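Encoded as structure tokens, the structure appears first; notes follow it.
The values are calculated or read from the model by the stated rules, or taken from the named source; none is laboratory data. Since the model is a prediction, treat every value here as computed from it, not as a measurement. Counting neighbours? That spans all protein chains shown, and the Cβs are built from the backbone with ideal geometry, glycine included. All accessible areas refer to the heavy atoms of the entire protein, side chains included, with ligands and DNA or RNA removed. Shrake-Rupley method; radii C 1.70, N 1.55, O 1.52, S 1.80 Å.
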Amino acid sequence: MRSLGRILNDLANPDNIPRLFSLVLGIVLIAGLLVPFALNDHQLYPRPEPQSQINAQDPLAPYDRGGVVIADFGLNGNFLLEPGITKAQYPENSAAIGKITGYISPMGISVRDTTLYFGTSIYSSPGGLIDEILYYTRGFDTVLESSILMMAFVVASWVALHFTMKREEEE
Amino acid sequence: MDIATLSGQVFGYIPLGDIVLYFTPFNLFLFGGALLFTLLIALSNTETQVEARFGSLEDREVKVDIGEFKIRRFLAIVCGLATAGAMITGDLFNFTLFAALIGIVNLGLVAAVKMVDVLDSAFQYGIIAMISSLPLFGGAAIVLATTGTLSILELANSTVTPMVTFGSMLLLMGIAGETGVAPFYATKAEMFRTPGSPFLVIIHLSSLLVIVRAIEILLIINKPF
């Protein structure tokens, strides 16, 4: 039997740590399947029934989040609309809530009127719920996410420039 | 546990949409400490290690060249700012993002070192940081699914279910792996052997501050007392 000191010594070796960590994480995740599952019924972002929008022949299906453009005054940004269904934790901090989801550009409106498949087309989106959360109610998170990405690129490019490209100089 | 009991009276808020930052004496102290240390690091030079030699009276100086110095200072400042942000944020997902930013910048700080042993252990630390992004974001997602909110001010009033406790446990595992605290310290101890002390100490400081703040947040969410 191995002594405790030897086991602790093995733990001090950096090579063994990721294996131990992934093993413990796997055990915890499997144990998590036994935890009673309870979802909150008042989720922040409600969704309609699956397939209901497609069955209703909605051109924005499956991404119709409500919101109707009442009057559009052209490119200067003046428009009136009914807000969409997006909910916020603090609605008092987000005055234009639901309007990003609800807005469709004049070109998008003309596409919506000609085809049934506007919602699933790649060339244009009906101003998604995701966009509204990413850029409006939780915009600070998006700033942080892209700065994580930027830092990863800074580190990777520095390593590539100094260890990969200048390797012959070092030797 | 109540925010007022744990970290003191709430002085004010910065509302950024759904992400509401709040100030308590505890938060502000950690925030100020992190910013002060970042300022000290931004103004300082690296240390030079002096190694004595056998069989002669000469010393060998281990210096950091200017390119390495610049990238390390930049990453150390970003790490300090991310730590300060993690101290003051009032949103669980925001906190996990700050922790992920600290993890990637810490990795960059040691990746800029030109010593093979250190790079080996930095590689292992990088693997742990990558693995731990699963429990980190997964834990926050489970807390969101079970309570329906991510704002810590709202989570302070939510009911605790076993699923929330499980999510918090995952979150703690993720933060421990991302910042490299106690059981993963062996990988980071190797990193401290390199020259360039003040920039490497920010790795240490950020993990200490983040773990303190994480424990505060988990106590607020789980209300054990």
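At a glance:
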{"read-out": "Options B:Ser133, B:Ser151, B:Ser121; residue that is in contact (Cβ under 8 Å) with a residue 12 or more places away in the chain and open to solvent by 10 Å² or more (accessible area, probe 1.4 Å)", "value": "B:Ser133"}
{"read-out": "Count of residues meeting criterion [closer than 19 Å to B:Ile202 by Cβ, more than 10 Å from the chain's Cα centre (by Cα) and at the interface with chain A (Cβ under 9 Å from one of its Cβ atoms)] in the stretch B:86-103", "value": "2"}
{"read-out": "All positions within the stretch B:1-43 that are touching a residue at least 24 places away in the same chain (Cβ under 8 Å), within 14 Å of chain A (Cβ to nearest Cβ) and in contact with a helix residue (DSSP H, G or I) (Cβ under 6 Å, 6 or more places away or on another chain)", "value": "B:Asp18, B:Ile19, B:Leu21"}
{"read-out": "Test for B:Ile77: is it at the interface with another protein chain (Cβ under 9 Å from one of its Cβ atoms) and either in a helix (DSSP H, G or I) or among the polar types (S, T, N, Q) (or both)", "value": "no"}
{"read-out": "Checking B:Val62 against (1) over 21 Å from B:Thr179 (Cβ atoms); (2) in contact with a helix residue (DSSP H, G or I) (Cβ under 6 Å, 6 or more places away or on another chain); (3) surrounded by fewer than 22 Cβ atoms within 10 Å (Cβ to Cβ), the condition it does not meet", "value": "(2)"}
{"read-out": "B:Val20 being β-branched (Val, Ile, Thr), crowded, with 19+ Cβ neighbours inside 10 Å and closer than 27 Å to B:Met115 by Cβ", "value": "no"}
{"read-out": "Residues satisfying the stated conditions in the stretch B:1-42, i.e. assigned to a helix (DSSP H, G or I) and touching a Pro at 6+ places or on another chain (Cβ under 8 Å)", "value": "B:Ser7, B:Leu40, B:Ile41"}
